[in-house]
Protein chains: 2
Amino acid sequence: MASIKDVAAEAGVSVATVSRVLNGHPSVSAAARARVLGAVEALGYRPNAVARSLRTDQTRTLGLVISDVLNPYFTELARSVEEEARALGYSVIIGNADERPDLQDHHVTTLLDRRIDGLLVSPTDGGSPRMLEAARAGTPMVFVDRWIPGVDVPVVRSDGRAAVRDLVAHLHGLGHRRLAIIAGPAATTTGRERVDAFREALGAHGLPLPDAYIGQGDFQADSGRRVTEGFLDLPEPPEVVFAADNLMALGALDAVRARGLRVPRDIALAAFDDIRWFVHTDPPVTAIAQPTGELGRAAVRALVDRIEGRGGASVTLPARLVVRRSCGEPPASSPQSPFPSPSPVRRSTT
Amino acid sequence: MASIKDVAAEAGVSVATVSRVLNGHPSVSAAARARVLGAVEALGYRPNAVARSLRTDQTRTLGLVISDVLNPYFTELARSVEEEARALGYSVIIGNADERPDLQDHHVTTLLDRRIDGLLVSPTDGGSPRMLEAARAGTPMVFVDRWIPGVDVPVVRSDGRAAVRDLVAHLHGLGHRRLAIIAGPAATTTGRERVDAFREALGAHGLPLPDAYIGQGDFQADSGRRVTEGFLDLPEPPEVVFAADNLMALGALDAVRARGLRVPRDIALAAFDDIRWFVHTDPPVTAIAQPTGELGRAAVRALVDRIEGRGGASVTLPARLVVRRSCGEPPASSPQSPFPSPSPVRRSTT
DNA sequence: CTGAAAGCGCTTACAG
DNA sequence: CTGAAAGCGCTTACAG
């Protein structure tokens, strides 16, 4: 592969001059510029990004460590991250943690070894020593979706509390009183918060959240299936299951179907995170939708601000409830939302 | 960040010795090794991968350019690729082309500039000059899922011909005679092949595939919706729509639902590529399943074989039909597959 | 077993 | 406007 030396030789100038025209430095004569450009063209020369990075100490690359690529929520997040990064002149390298702290740590280490300019992470746990150390050492970093309390890093996420309140009001209005949740790992903020928000919302209606109705999942489908089976085996099974993410909702559907039961007749289902397939499932699933694309873009902007020394602040965006049919038929009489709500609620038209 | 010089100073040895212990070179005294390791630990030293790559001319990194991250098929492929690569000591950088040749070219260029050791690509088109040039210049490369005819690069893919034959036999057995297809882009091999296989299978049953029953899609959901609307507007709409990938099937479901029609009562639906949600859609969707994980792993093995000078050959794996209910109820009388088939056919139990 | 030195492909003060 | 030179952080013959 042609190097800058080859170009210099071909153009009859020094490598310094070649470098200057390549980097748009103003002080190069038109003649020299033309000869260099000609040589670049003739040789099909492309600068070696590795050498450039070593010299300039910047890679123009962002690292993104997501919890699970197989989760459509994160996949959409990753897409918007890459898009915004590209618009700002950065590449992104994605590491998939598969919800495993050890894999997360592997990717954080690899990314740091490659000297990425900044790190975007949705932590699966409280953070490995390596990650915490990087944050402390000042590596530009921002948390997205999930975060680690006590670490001084901006957080870009959505707040689902109001939407969870709307969901519980919706369920209560439908006559449901025994509500259960498939929780995410307690080691994650979203794992804890969604349970807290759910419990708080139940409390507002005078409803309890007994321990038996809190199933411990790990944000992946199998755990949703397993927890749902447990719920169904209870002497008094819940009337509604709220899955804290879309994959656990998938697992719940698997479990319900495997028993020959029907949603919502035998048990109602709702999920955190909305995905396109929820419109076409049997029945369509009521879900809480996050502004995923906006989250990804905001996270990149915050990170690039950090990298380029412009601060970079936390951002919190609201989530919203999308009512479909998996919790029972809403009263047909009411064209309006059947419960008072301070936050935007959309009744799906599909 | 500590460099190798700092470690050498801390350990009281030369950088050459530090490098040797870091790389497991045998000729280092036990004492020197211990001091170096101690210094590494004390300083929290991590080798700079950028510098190492520049010096050794290898990055231990694979590039993967996929057609669309939002497509679960590619997402699963990417996951298995990363997994196998990691097992072999490589990282992978994913580029998402979003089915756009210009974006694909952007990622190929970026990846090549970063001097990845090898490139895995599922081309969205006939290949940009840059990609073709890289292949000709001997950059280790393998095509996965889709490929470019005439380019001397191994191809790892699955052959859906037999499964498409099984599908058509299934549809024919159910009494369907007017079968339509939502095709992928003609610029892609899978786009062309699935239509060819479908036409050929129809021919074997004496059925035509009129032009009006070939809708041009682009493997993304919106095109599936649009094409399906066109089919439904036909004076004589088809009885079955076969979507050449899962996203176009999603779009087809959108279109059918928007008209207040039902699958399979009003129109039957089948898809290429099986995804977990197809079990829970209304109705469950009959699909052709690829051995996606195995494809990803085989592709990585082939690529690493190329990189490490061990050849690296093409691999073709069979796809298989998974019958569900979206094409009509199969005759309940037959516990066996209702059609003769040389390839493995699984009747889904879900 | 060990170190001094060259060199990977760039960029960038510095001097002219 | 231009070039010679230093240097980014490593690895690896070469000599001892």
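Is it the case, given these coordinates, that A:Asp6 is touching an Asp or Glu at 6+ places or on another chain (Cβ under 9 Å), among the acidic types (Asp, Glu) and either away from every other protein chain (no Cβ under 12 Å) or buried (at least 19 other Cβ atoms within 10 Å of the Cβ) (or both)? Steps first, answer last, please.
Working: touching an Asp or Glu at 6+ places or on another chain (Cβ under 9 Å): no; among the acidic types (Asp, Glu): yes; either away from every other protein chain (no Cβ under 12 Å) or buried (at least 19 other Cβ atoms within 10 Å of the Cβ) (or both): yes.
No, not satisfied.
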Given (1) within 20 Å of B:Pro185 (Cβ to Cβ); (2) surrounded by fewer than 19 Cβ atoms within 10 Å (Cβ to Cβ); (3) not basic (Lys, Arg), index of the condition B:Asp113 fails: (1)
Hits in the stretch A:205-225 - residues which are over 18 Å from A:Cys327 (Cα atoms), open to solvent by less than 50 Å² (accessible area, probe 1.4 Å) and part of a helix (DSSP H, G or I): A:Ala221, A:Ser223
Checking B:Ile181 against (1) at pLDDT 95 or above; (2) in the same structural domain as B:Gly63 (by TED's automatic domain parsing); (3) β-branched (Val, Ile, Thr), the condition it does not meet: (2)
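Going by what's in this entry, would A:Leu103 be described as touching a residue at least 40 places away in the same chain (Cβ under 8 Å), aliphatic (A, V, I, L, M) and either assigned to a helix (DSSP H, G or I) or under 27 Å from B:Asn48 (Cβ atoms) (or both)?
On the way: touching a residue at least 40 places away in the same chain (Cβ under 8 Å): no; aliphatic (A, V, I, L, M): yes; either assigned to a helix (DSSP H, G or I) or under 27 Å from B:Asn48 (Cβ atoms) (or both): yes.
No.
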Subset of the stretch A:45-58 [under 22 Å from B:Asn48 (Cβ atoms) and either near DNA strand C (Cβ under 6 Å from one of its atoms) or within 7 Å of chain B (Cβ to nearest Cβ) (or both)]: A:Pro47, A:Asn48, A:Ala49, A:Val50, A:Ala51, A:Arg52, A:Ser53, A:Leu54, A:Arg55, A:Thr56
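Does A:Asp102 satisfy being within 12 Å of DNA strand D (Cβ to nearest atom), within 13 Å of chain B (Cβ to nearest Cβ), of a type in the set (D, E, K, R) and more than 18 Å from the chain's Cα centre (by Cα)? So that I can check it myself, show each step before the final result.
Details: within 12 Å of DNA strand D (Cβ to nearest atom): no; within 13 Å of chain B (Cβ to nearest Cβ): yes; of a type in the set (D, E, K, R): yes; more than 18 Å from the chain's Cα centre (by Cα): yes.
Spelling it out, it is not the case that A:Asp102 is within 12 Å of DNA strand D (Cβ to nearest atom), within 13 Å of chain B (Cβ to nearest Cβ), of a type in the set (D, E, K, R) and more than 18 Å from the chain's Cα centre (by Cα).
Against the definition (touching a His at 6+ places or on another chain (Cβ under 8 Å) and either aliphatic (A, V, I, L, M) or open to solvent by 20 Å² or more (accessible area, probe 1.4 Å) (or both)), how does B:His176 come out, yes or no? Let's see the steps before the verdict.
Numbers: touching a His at 6+ places or on another chain (Cβ under 8 Å): no; either aliphatic (A, V, I, L, M) or open to solvent by 20 Å² or more (accessible area, probe 1.4 Å) (or both): yes.
In short, no.
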Number of positions in the stretch A:59-73 that are at the interface with chain B (Cβ under 10 Å from one of its Cβ atoms), farther than 29 Å from B:Pro47 by Cβ and open to solvent by less than 20 Å² (accessible area, probe 1.4 Å): 2
Evaluation of A:His25 against (1) open to solvent by less than 50 Å² (accessible area, probe 1.4 Å); (2) not assigned by TED's automatic domain parsing to the domain that holds A:Ser122 (one fails), failing number: (1)
Among residues of the stretch A:74-99, those that are of a type outside the set (Val, Ile, Thr), at the interface with chain B (Cβ under 10 Å from one of its Cβ atoms) and either surrounded by 22 or more Cβ atoms within 10 Å (Cβ to Cβ) or in contact (Cβ under 8 Å) with a residue 12 or more places away in the chain (or both), counted: 10
Of all residues in the stretch A:247-272 being open to solvent by less than 60 Å² (accessible area, probe 1.4 Å) and not aliphatic (A, V, I, L, M), the one that is farthest from the other protein chains (Cβ to nearest Cβ): A:Phe272
Conditions (1) surrounded by 21 or more Cβ atoms within 10 Å (Cβ to Cβ); (2) more than 13 Å from A:Leu179 (Cα to Cα); number of the one not met by A:Ala201: (2)
Residue in the stretch A:9-44 that is farthest from the other protein chains (Cβ to nearest Cβ), counting only those that are within 18 Å of B:Thr109 (Cβ to Cβ) and within 8 Å of DNA strand C (Cβ to nearest atom): A:Asn23
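Can you pull out every residue in the stretch A:274-305 that is among the acidic types (Asp, Glu) and in contact with a Ser or Thr (Cβ under 8 Å, 6 or more places away or on another chain)? Step through it out loud before you land on a result.
Residues of the stretch A:274-305 that are among the acidic types (Asp, Glu), as a first pass: A:274, A:282, A:294, A:305.
Hits for the stretch A:274-305 are A:Asp282, A:Glu294.
The values are calculated or read from the model by the stated rules, or taken from the named source; none is laboratory data. All figures in this text were calculated on a predicted structure; none of them were measured in a lab. Cβ: placed from backbone, ideal geometry, glycine included. Neighbour counts: every protein chain shown. Side chains are part of the model used for accessible areas, which takes the heavy atoms of the whole protein and leaves out ligands, DNA and RNA. Shrake-Rupley method; radii C 1.70, N 1.55, O 1.52, S 1.80 Å.
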